[in-house]
Ligand code: FES
Ligand SMILES: [Fe+2]
């Protein structure tokens with residue numbers, strides 16, 4: 001799991017002024033909207049005696065810890081200590097607070113300590129700003145590591161086997177050569193897939209007739225997600241973005257949006273939602289059993305082919321970020337922070353001051369690797 005990326009915390013419509021617990025990167029957070037409507041995200045661990053802030057109360061624009069009533073504002077600073085009202089509040093009396101942005105109907109939080117100018121850009125998803133695209137949304141929970149889930153979303157060789165009854169075609173399992181275009185934060189491939197013809201796309205597919213669908217799978221890593229655009233010969237388009245958020249090392253929550261330029265009646269929304277969830281369920285049946293649970297450290301421990309090129313482009317970039325020191329050290333986390341010590345993903349404010357009670361989450365020491 002990586003710090004210093006943008007992660008979807010909730011759909012914007014689900015965040016109100018009430019306190020909402022969220023688990024991301026194995027850590028507890030509390031989210032809420034302040035009176036100006038701005039989304040706030042704080043570490044959920046009170047620095048006094050470890051109370052869970054999300055179980056407390058919202059008082060004005062602050063969060064009151066349920067244990068001794070300390071109040072923390074939206075920037076994470078303690079603003080009241082009820083037991084000692086005349087005391088000057090200690091500098092260390094604060095919790096990490098994270099930058100947020102609202103875009104595409106989602107609230108994204110930057111879980112890291114980079115100053116604003118160094119943060120990667122949010123993914124750009126133009127179709128979500130096109131009023132002619134009808135959009136449905138949902139979420140899916142995986143018992144699988146986020147990197148396995150995101151690689152699965154870039155993998156088209158599995159469709160005939162895992163999705164043979166839905167969008168895969170067992171009679172056409174071959175993947176023609178394709179190129180990958182990638183830069184620092186995104187990658188995309190373009191391939192031509194032969195698909196069984198369907199009437200209206202929702203009806204039964206034909207056993208003999210096939211159409212060519214221009215298929216553009218891709219990823220954004222700055223806010224880890226996979227994207228897919230399908231261009232049908234009659235001009236119809238389908239778009240999907242799936243933001244894959246690590247709940248912890250073994251669980252991933254996917255927030256997804258699916259757009260279509262045809263059959264835009266809202267009465268059909270449920271069928272599009274159901275078809276997308278069916279595909280995720282088919283993927284999950286395989287993904288929950290892959291071994292090792294995480295992508296291996298070494299390329300030598302798997303056999304990769306040209307048809308895996310998009311996943312490889314992503315994996316290389318993830319490895320680069322790990323070498324930059326952004327990788328959470330899960331082994332040390334389990335060993336040293338187990339029941340005796342809390343930690344937090346460091347927020348940008350930690351670069352301004354060293355007065356923090358709770359330790360930053362351990363990161364894989366890149367200097368130790370040869
Ligand atoms: S533990 Fe939060 S106020 Fe004491
Ligand atoms: Fe799949």
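With the requirement that a residue be under 18 Å from residue 282 (Cβ atoms) and touching a strand residue (DSSP E or B) at 6+ places or on another chain (Cβ under 8 Å), what does region 172-181 give you?
Here is the first cut: in region 172-181, the residues under 18 Å from residue 282 (Cβ atoms) are 172-173.
Across region 172-181, the qualifying residue is only 172.
What number of residues within region 340-370 satisfy the criterion of being over 27 Å from the mean Cα position of the chain (by Cα) and closer than 25 Å to residue 78 by Cα?
7
Residue by residue, here is whether (1) touching a helix residue (DSSP H, G or I) at 6+ places or on another chain (Cβ under 7 Å); (2) at pLDDT below 95 holds:
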{"position": "128", "(1), (2)": "no, no"}
{"position": "141", "(1), (2)": "no, no"}
{"position": "163", "(1), (2)": "yes, yes"}
{"position": "183", "(1), (2)": "no, yes"}
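Among the residues of region 69-85, which ones are free of Cβ contacts under 8 Å to residues at least 40 places away in the same chain and under 24 Å from residue 353 (Cβ atoms)? Give the steps one after another, and end with the answer.
Let us first name the residues in region 69-85 that are free of Cβ contacts under 8 Å to residues at least 40 places away in the same chain, namely 69-73, 77-85.
Those that are free of Cβ contacts under 8 Å to residues at least 40 places away in the same chain and under 24 Å from residue 353 (Cβ atoms): 70, 71, 72, 73, 77, 78, 79, 80, 81, 84.
Yes/no matrix, rows are residues, columns are (1) at pLDDT below 95; (2) in contact with a helix residue (DSSP H, G or I) (Cβ under 7 Å, 6 or more places away or on another chain):
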residue	(1), (2)
270	no, no
287	no, yes
294	yes, yes
298	yes, no
312	yes, no
325	no, no
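Restricting the search to region 12-22, which residues are assigned to a loop (DSSP other than H, G, I, E, B) and either touching a helix residue (DSSP H, G or I) at 6+ places or on another chain (Cβ under 8 Å) or within 16 Å of ligand 1 (Cβ to nearest atom) (or both)?
19 - this is the single residue of region 12-22 that is assigned to a loop (DSSP other than H, G, I, E, B) and either touching a helix residue (DSSP H, G or I) at 6+ places or on another chain (Cβ under 8 Å) or within 16 Å of ligand 1 (Cβ to nearest atom) (or both).
Looking only at region 98-116, which residues are closer than 16 Å to residue 353 by Cα, touching a strand residue (DSSP E or B) at 6+ places or on another chain (Cβ under 9 Å) and surrounded by fewer than 21 Cβ atoms within 10 Å (Cβ to Cβ)?
Matches in region 98-116: 113 only.
Output the number of the condition that residue 238 fails; it satisfies all remaining conditions of (1) in contact (Cβ under 8 Å) with a residue 40 or more places away in the chain; (2) buried (at least 20 other Cβ atoms within 10 Å of the Cβ); (3) over 30 Å from residue 112 (Cβ atoms).
Condition not satisfied by residue 238: (1).
Find the strands (runs of 3 or more DSSP E) located wholly in region 23-65 whose residues include 1 or more that are within 16 Å of ligand 2 (Cβ to nearest atom) and over 15 Å from residue 111 (Cα atoms), and list them. Steps first, answer last, please.
Working: elements: 27-33, 39-43, 57-59, 62-64.
Once the strands (runs of 3 or more DSSP E) in region 23-65 are filtered for at least 1 residues that are within 16 Å of ligand 2 (Cβ to nearest atom) and over 15 Å from residue 111 (Cα atoms), nothing remains.
Condition first: in contact with a helix residue (DSSP H, G or I) (Cβ under 8 Å, 6 or more places away or on another chain) and at pLDDT 90 or above. Can you find one or more residues in region 196-217 that meet it?
Checking region 196-217: at least one residue is in contact with a helix residue (DSSP H, G or I) (Cβ under 8 Å, 6 or more places away or on another chain) and at pLDDT 90 or above.
So which residues in region 208-234 are in a loop (DSSP other than H, G, I, E, B) and either closer than 17 Å to residue 272 by Cα or touching a residue at least 12 places away in the same chain (Cβ under 8 Å) (or both)?
221, 222, 223, 224, 232, 233
Could you say which residue among 257, 230 is within 26 Å of residue 122 (Cβ to Cβ) and in contact with a helix residue (DSSP H, G or I) (Cβ under 7 Å, 6 or more places away or on another chain)? So that I can check it myself, show each step before the final result.
Values: 230 fails: in contact with a helix residue (DSSP H, G or I) (Cβ under 7 Å, 6 or more places away or on another chain).
The match here is 257.
Give the residue that is surrounded by the fewest Cβ atoms within 10 Å (Cβ to Cβ), with candidates limited to residues of region 281-317 that are more than 26 Å from residue 363 (Cβ to Cβ) and in contact with a strand residue (DSSP E or B) (Cβ under 9 Å, 6 or more places away or on another chain).
Residue satisfying both the conditions and the ranking: 281.
Restricting the first residue to region 159-175 and requiring it to be farther than 11 Å from residue 196 by Cβ, which pairs with a second residue that is outside any loop (DSSP other than H, G, I, E, B) meet a Cβ separation below 7 Å and a spacing of at least six or different chains?
Matching pairs, first to second residue: 162/282; 162/283; 162/286; 163/279; 163/282; 173/160; 175/191; 175/307.
In region 318-350, what count of residues is obtained for those that are exposed (fewer than 13 other Cβ atoms within 10 Å of the Cβ) and farther than 17 Å from residue 120 by Cβ?
The number of residues fulfilling the criteria is 7.
The values are calculated or read from the model by the stated rules, or taken from the named source; none is laboratory data. The structure displayed is predicted, hence computed values, not measured ones. For neighbour counting, all protein chains shown are included, and Cβ atoms are generated from backbone atoms with ideal geometry for every residue, glycine included.
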